[in-house]
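Engineer: This is the structure I want to talk about, given as structure tokens.
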Amino acid sequence: MMWEMMNGMGMCREKWPSWPLMALLATLLPALLALAAWPLQAQAQVRIKDITTLDNVRDNQLVGYGLVVGLQGTGDSMRGSPFTEQSLRAMLERLDAKIAPGASRARNVASVMVTATLPPFVRPGTRIDVSVSSLGDATSLAGGTLIMTPLKGADGRVYAVAQGSLVLSGFAAQGQAAQVSQGIPTNARIPGGAIVERALKGGFHRTRTLVFNLNNPDFATAVRIARVINAHARRRYGLAIARAHDMRTVFVRRPQNVDVAQLAAEVGELMVRPDTPARVVVNERTGTVVIGHAVRISTVAVTHGNLTVRIQEMPRVSQPEPLSRGETVVVPETYVTVEEKSGSVGVLRGAGLQELVAGLNSLGVKPKGIIAILQAIKSAGALQAELVVE
């Protein structure tokens, strides 16, 4: 410990060695700054792959027409669904079995539409799930088996073949005087019921430019995504590779000798803070109100009153006097009451989401009333947001 006399003063001060304290501060300061900034950064940041979709990396829809057999009298009636009989006859003829028109009357066959989703980069031999829906007047597909059904794409080519036993989530049972049902017994699924026979052509591995499409288009979000990608690319590759093309699209140029799959994975894991528009969504049928955090209102005075009109019909029977020639008649009698509740005037001062919610709660109105108030505030020009009514 060292002591140093103050010049011109009879005082002394203790001089501590500075290097241990400076080393401690140098060690703790980055951690403290990161800890202080973490809530602000992690509060709204999301991964790029969660708010965008990569161009040319998409699903494709498949559809086919087939027959379900093995039903216990719950299939199509041949008279009500003549296409089922035609399809059954055509299938049997391909199997070298001939049947006369109208010979089959059993309701153990049903015509169905088979749909499936072909994932990207799928290879032949991969199994995918299929959905089966009744096309005729069948009452249930329980216990049925789908016969081999080709599944075609929008170009008319066969990409998969489906077959297998159906799995239902609903059932139906009935007797002569009552019936009970749960779910939809005419819809079913076959997990892994289709085998991919043809792969989609694509040159994703030769792509020079990756195109990221924003799920919620916004110029600010697109610019932030490009900025984050470029910051990462400068550290990793020494150059900027991203450019915001418009409010929906961000172009990312693949550097030389960089694998496209690796680049897509790196970009997808980067964190960005998306910008959300100021929007209020109301559903008048259900009374649902959703208010975005960017919504702002100007200062307004609001009052909301309820007017209730009750109409009661209480008909009474009018009896004639004894031994008279009168008739018993029903005389209508209506009671109408009107009740209007007084509403106080409340001031909603210009504020954000928290103050808006607090102000609406202070008025003590129900969701239907909140919808009417928001629509009126929008009409007055005080709601600085888009109002979407569903």
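Engineer: Please identify the pairs in which a residue from region 74-94 that is closer than 9 Å to V109 by Cβ has its Cβ atom under 6 Å from the Cβ atom of a residue that is aliphatic (A, V, I, L, M) and modelled with pLDDT under 85, counting only partners at least 6 apart or on another chain.
Structural biologist: Cβ pairs passing all conditions: E85/M78.
Engineer: Run down R243, R227, R254, R234 and say which single residue is at pLDDT 90 or above, among the charged types (D, E, K, R), surrounded by 13 or more Cβ atoms within 10 Å (Cβ to Cβ) and out of contact with any strand residue (DSSP E or B) (no Cβ under 7 Å at 6 or more places or on another chain). So that I can check it myself, show each step before the final result.
Structural biologist: Details: R243 fails: out of contact with any strand residue (DSSP E or B) (no Cβ under 7 Å at 6 or more places or on another chain); R254 fails: out of contact with any strand residue (DSSP E or B) (no Cβ under 7 Å at 6 or more places or on another chain); R234 fails: surrounded by 13 or more Cβ atoms within 10 Å (Cβ to Cβ).
Going through R243, R227, R254, R234 in turn, just one is at pLDDT 90 or above, among the charged types (D, E, K, R), surrounded by 13 or more Cβ atoms within 10 Å (Cβ to Cβ) and out of contact with any strand residue (DSSP E or B) (no Cβ under 7 Å at 6 or more places or on another chain): R227.
Matching residues to (1) among the polar types (S, T, N, Q); (2) modelled with pLDDT of 90 or more; (3) in a loop (DSSP other than H, G, I, E, B):
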site	(1), (2), (3)
P124	no, yes, yes
S131	yes, yes, no
T139	yes, no, yes
G143	no, no, yes
T149	yes, yes, no
G164	no, yes, no
A172	no, no, no
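Engineer: I'd like to know if region 99-115 contains one or more residues that are modelled with pLDDT of 90 or more and small (G, A, S).
Structural biologist: yes
Engineer: Please work out if A142 is surrounded by 15 or more Cβ atoms within 10 Å (Cβ to Cβ) and touching a Phe, Trp or Tyr at 6+ places or on another chain (Cβ under 9 Å).
Structural biologist: yes
Engineer: Further, regarding this structure: Within the group A97, A116, A90, A110, which residue is surrounded by fewer than 13 Cβ atoms within 10 Å (Cβ to Cβ) and outside any loop (DSSP other than H, G, I, E, B)?
Structural biologist: A90
The values are calculated or read from the model by the stated rules, or taken from the named source; none is laboratory data. Bear in mind that the values here come from a model prediction, so they are computed numbers and not experimental data. Ideal geometry is used to build each Cβ from the backbone, glycine not excepted, and the neighbour counts take in all protein chains shown.
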